[in-house]
Amino acid sequence: MAPFYAILVSIPYVGFIIWGTSTDLSEQVKEIKFIGRALKPMIWLSFFLGAIIWGLYDSSMVGFLLVGIILMGLMSGLCLACLLYTGDESSRLYGLKRLVDVYPSITKPEGHVRFNSKLWTTTFVLIIYFAMTNVMIWGLSEATIDVFSSFRAIMAGASGSIMHLGIGPIVTGSIIMQLFAGAKIIKLDLGDSDDKQLYQGVQKILVLIMIPVESIPQVYGFLDASPALVSDFGQGWANAIIVSQLFIGSLLVFLLDELVSKWGIGSGISLFIAAGVAQSTFVGTLSPLAVNPGAYGLQNPPAGTLPMIFYTLRTATFSEMVTANGFESILLGDAAHPNAVVALFSSVVVFLVVAYAESSKLELPLTHGKVRGHRGQYPIRLVYASNIPVILMAALLANLNMFTLLFWSHPTMSTVPILGSQGAWSIAPYLGSYDVGQTQATDGFAWYASMVNGVGDWLLPLLNQSPDPYGHSLWQVVLHVITYVTVMTLGSMMFAKFWIETTNMGAKDVAKQIENTGMQIPGFRKNPKVLERILMRYIPPVTLFSGAFVGLLAAGADLLGTVGNATGTGLLLAVGIILRTYEQIQKEQAMEMHPVLREFFGAE
């Protein structure tokens, strides 16, 4: 009966959300002392207080209340509010306009923010981020499973901390909105300021929904509460306490991202990814600590690549290197040599290729229509869509891994018909199967599309003509490599196109921006349509090429592996982020020295 009661309670909750987002309070109600203007928040709060009191009387209801009210009720209410919208605007998303207006967010600065202030804000946020990654979830059992372990470098955060979800909810919300915008499901003109503001506001609401969507299934399957917490509060409330800590941590990540975007340099998401990858790469290259606890030895060398090379060459004899496969272990790596020379070489190659690609650009000549002799260029980068498509594609694969794992082994979700491994008409083995206690798929589409992490996953089995560590045949290993490279390349191309369309970087928007500066391409009439037609020759092809290039480069780096288990995708992102941040710092310093540039860059 518990699910029935949870659904029953969610019905008035859904009704309240529809009423709250579609109507304004009358002036008579607003004039009531103490409660008039706060009526809606008070009703909202009463639902949660009622759910808490109910849970105190019956702890077995806590899980159903979390799912029924926080997830299903909120999502149903917001969807119905959009469907029932009857206003004059073109998009039904305007049904959420009232909710967007009251959504908590970081206030944008008025006017120019000085460079030193931005630098200190960014540094302060980075310190808070590292501090939060060391704040472990209170009451979490030691026997937990990190479903994002294979994607931790891209998802940021730290396993078992309040930052466990990392940037997952933020990026997933962005993926959903971009897919909807690209498929024209939401009819918004992102060149219009009101529509773009609504788009960004709805994306924030979606992030708030994605936090419980990603946290509740993990807590009720993999992030177990400790026996002490369960004995003190009961199983239901113990899980709710862990969910609340994950919610707070993810909300702080979201606010820190907004703080950096508005008051700092770059974006918080990029900053968190680069910080985590840089830390892993530094440790993987220079760590003097042994791979396993205990004394140094040929099978227990220093974990860092450079200390491992020096130690092995200094202590091992030539015969030991030959008979014990020492050269192969140092060059290609094994369990005792996780940071091999080929991983360091791959890391250096990725850095150089990304640095070259970031500096490559096509410059369209521009002249001012009224000021004779005033010339300029509009740069179209080779990596026009930046590294965002790879971030979105990696996050999509991380969510694919998480949900196929949940449908395979979660006590409740595995019984869902069709998708669940124990459900009727199950297709779960084709989606992804997992060994007990493992988060890496061993078969199904989730495995074929999963990251190929280093030469040990594919090259060594092919050279030795033997199965890979999971027992797959050689043709399966080859198909795994082909599928992963194809998925990363095509997916990055798709997200590159969507990203350009939703960030005003398309040909039409760029033509308007150039037109507003008074510039034009020499030899052509000063007409936005003419300028757009010229830009269409370059921007769409470069967009698709940049998406394919970064996707292929990320997949190639994953095939070779990187030091510190940062993954090739993570290192690619980190290098691109660092270079873009350096350029942003240069631009900020230029605006500080020459205030007239602020108006040109839109900083005033």
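Computed from the coordinates by the stated procedures, all read-outs in this text should not be read as laboratory data. This one's a predicted model, so the numbers in the text were calculated from it and none came from an experiment. Quick reminder, even Gly has a Cβ in these numbers, built from the backbone with ideal geometry, and neighbours come from all protein chains shown.
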Quick one: work out Rg over Rh on the C-alpha atoms of the range 202-250, Rh as Kirkwood radius.
1.06
Here the Cα Rg-to-2.2 N^0.38 Å ratio for the range 253-298 is 1.78
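With r as the distance between the Cβ atoms of residue 295 and residue 533 and R0 = 60 Å, compute the FRET efficiency 1/(1 + (r/R0)^6) and round to 0.05. Don't skip to the end; give the middle numbers.
Numbers: r = 71 Å, r/R0 = 1.18.
Working from the Cβ atoms, E equals 0.25.
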Obtain the nm distance between the two label points defined at residue 48 and residue 124 by a simple spin-label model: each point lies 7 Å from its Cα along the Cα-to-C-beta direction.
2.6
Per residue and in Å³, how big is the convex hull formed by the alpha-carbon atoms of the range 101-151?
174
The base-10 log of I(q)/I(0) that the Debye equation returns for the chain at q = 0.07, 0.09 Å⁻¹, one scatterer per C-alpha, is -0.51, -0.84
Evaluated over the range 447-496, the Cα radius of gyration and Dmax, each in Å
11.9, 38
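Over the range 161-220, what lengths in whole Å, largest first, do the semi-axes of the equivalent ellipsoid take, defined as the square roots of 5 times the eigenvalues of the alpha-carbon gyration tensor? Kindly include the intermediate steps, with their values, before the conclusion.
On the way: eigenvalues 141, 25, 14 Å².
Equivalent-ellipsoid dimensions as semi-axes: 27, 11, 8 Å.
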Find the centroid of the Cα atoms in the range 82-148 and in the range 522-595, then give the distance between the two in whole Å.
24
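Helix by helix through the chain, keep the DSSP H runs that span 18 Å or more along the axis on Cα and average at least -0.5 on Kyte-Doolittle, and give those back in order. Mind showing how you got there, number by number?
Details: long enough: 2-22 (30 Å, 1.41); 39-57 (27 Å, 1.46); 115-133 (27 Å, 1.04); 168-182 (21 Å, 1.35); 193-219 (39 Å, 0.34); 235-263 (42 Å, 1.09); 268-286 (27 Å, 1.49); 341-359 (27 Å, 2.15); 388-409 (31 Å, 1.81); 474-502 (42 Å, 1.15); 539-560 (31 Å, 1.60); 568-593 (38 Å, 0.27).
Helices meeting the span and hydropathy rule in the chain are 2-22, 39-57, 115-133, 168-182, 193-219, 235-263, 268-286, 341-359, 388-409, 474-502, 539-560, 568-593.
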Within the P(r) computed for the range 151-290, what percentage of the Cα pairs occupies the region above 20 Å?
57
log10 I(q)/I(0) for the range 93-195, Debye formula on C-alpha points only (no solvent), q = 0.11, 0.12, 0.15 Å⁻¹, two decimals, reads -0.60, -0.70, -0.99
Taking only Cα atoms of the range 483-556, radius of gyration then Dmax in Å:
15.1, 48
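Calculated FRET efficiency, residue 362 and residue 131, Cβ-Cβ r, R0 60 Å, to nearest 0.05? Don't jump to the answer; show the numbers that get you there.
On the way: r = 43 Å, r/R0 = 0.72.
For R0 = 60 Å, the calculated efficiency reads 0.90.
Quick one: if the Förster radius is 25 Å, what FRET efficiency do residue 185 and residue 105 give, using the C-beta to C-beta distance and rounding to 0.05? Working shown, then result.
Values: r = 25 Å, r/R0 = 0.98.
Result of the calculation: an efficiency of 0.55.
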Could you check the simple spin-label distance between residue 445 and residue 352, using points 7 Å along Cα→Cβ, in nm with one decimal?
3.9
